[in-house]
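Here is the structure we will look at.
The values are calculated or read from the model by the stated rules, or taken from the named source; none is laboratory data. Quantities reported herein were computed from a predicted structural model and do not represent experimental measurements. When we count neighbours, we look across all protein chains shown, and the Cβ atoms used for this are built from the backbone with ideal geometry, even at glycine. Please note that ligands, DNA and RNA were not included when accessible areas were found on the heavy atoms of the full protein model with its side chains. Shrake-Rupley method; radii C 1.70, N 1.55, O 1.52, S 1.80 Å.
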Amino acid sequence: IAVAAAPGFAPAICPIKLDEAEVSIMMLPIRSITVHTVDRQGNVVPHASVRIQAHKNPELSFPGAQWDLLANDRALVGNTDDEGLLRVPVWDTFLSIQADHPAFGPSPGPKLHPIPGQVIDLALRRPARIEGRLSFHQRPAAAGFRIRARQKPPVGHVLEGSGWLDEQLAVTDAGGMFGLRGLNAGIWELRPELPKVTGSNGGTEPGSQWRSVQVMVDE
């Protein structure tokens, strides 16, 4: 894998063959958008840290545009100022943005194809939690069952397809109780799973899965 970096340009990355005598890598210039961090009521949230995650652009196939090969495709780009504003470097691909603040929590932002100069309002969400009980036929589940929680915005929601959607795993105790903390407000899909078991060939086999339940979690 070849990676190119230069001031004023986005990182370029592409696979190469060992027998290639010459590889031409195209680099794209860095532009910028402005991220405005606010809470869910639209009030300014100053001094929030902002991160971006790079995705590939399916319309670009030239050598250098394979950003999905980056070992670390997430980067901290800075903190917003007193007015909640930060200029964020972008280029011609799809990016997901995220913000974090001590009074809130790691809050996902939309996946977008940025237009240089545009302003994006990024809403921070306060952490929430879910306490639950897993039961089978009105009896509490034994200890060791897993509950997988995935943030699942509805179709058409601004967060649909974001690279920052969270996932957590909880394990039931002896009374079938489980807890999930530090969640972002929104819709979460909960699915119980049996623990993975060792198969006859010595490898691990996936645990059984049951129907999921969707829960709307408020701040």
Once amide H atoms are built 1.01 Å from N in the peptide plane, which residues 5 or more positions from Arg126, or in another chain, come under 5 Å H to H? Ala185
Anyone know which of Val45, Val23, Val35 comes out most mobile in the 10 Å Cα GNM of the chain? Val23
Integer Hz, Karplus 6.51/-1.76/1.60 couplings in order for the range 137-154, x for Gly and Pro: 6, 6, 10, x, 5, 6, 5, x, 6, 9, 10, 9, 10, 10, 6, 9, x, x
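For Trp188, Trp164, what's the largest-to-smallest order of accessible area, 1.4 Å probe?
Ranked from most to least accessible, the order is Trp164, Trp188.
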Of the listed values (i) 74, 34, 24; (ii) 46, 39, 31; (iii) 63, 54, 28, identify the label whose number matches Cα extents along the principal axes in Å calculated from this model. (iii)
Reachable aspartates and glutamates from Lys56, criterion Cα separation under 12 angstrom, eight or more residues apart if same chain: Asp68, Asp73, Asp92
For Phe145, distant residues with modelled amide H under 5 Å away: Thr172
With Cα springs under 10 Å, the Gaussian network model of the chain assigns the largest mean-square fluctuation among Leu183, Leu134, Leu122 to Leu134
Estimated vicinal HN-Hα couplings, Hz - the range 171-187 in sequence order (Karplus 6.51, -1.76, 1.60; Gly, Pro = x): 10, 6, 8, 5, x, x, 7, 8, x, 10, 10, x, 7, 7, 4, x, 8
In sequence order, calculated HN-Hα J values of the range 107-120 (Karplus, 6.51, -1.76, 1.60; Hz; x Gly/Pro): 10, x, x, x, 8, 9, 9, x, 10, x, x, 6, 10, 10
Name the residues whose placed amide hydrogens come within less than 5 Å of the amide hydrogen of Val217, ignoring near sequence neighbours (fewer than 5 apart) on the same chain. Gly186, Ile187, Trp188
With all protein chains present and a 1.4 Å probe, the order of Leu76, Leu86, Leu95, Leu194 from largest accessible area down is Leu76, Leu194, Leu86, Leu95
Between Gln118 and Asp81, the two model label points (7 Å from Cα along the beta-carbon direction) sit apart by a distance in nm of 2.3 nm
Taking the chain as a Gaussian network, Cα atoms linked when under 10 Å apart, which of Phe94, Phe136, Phe178 shows the biggest mean-square fluctuation? Phe136
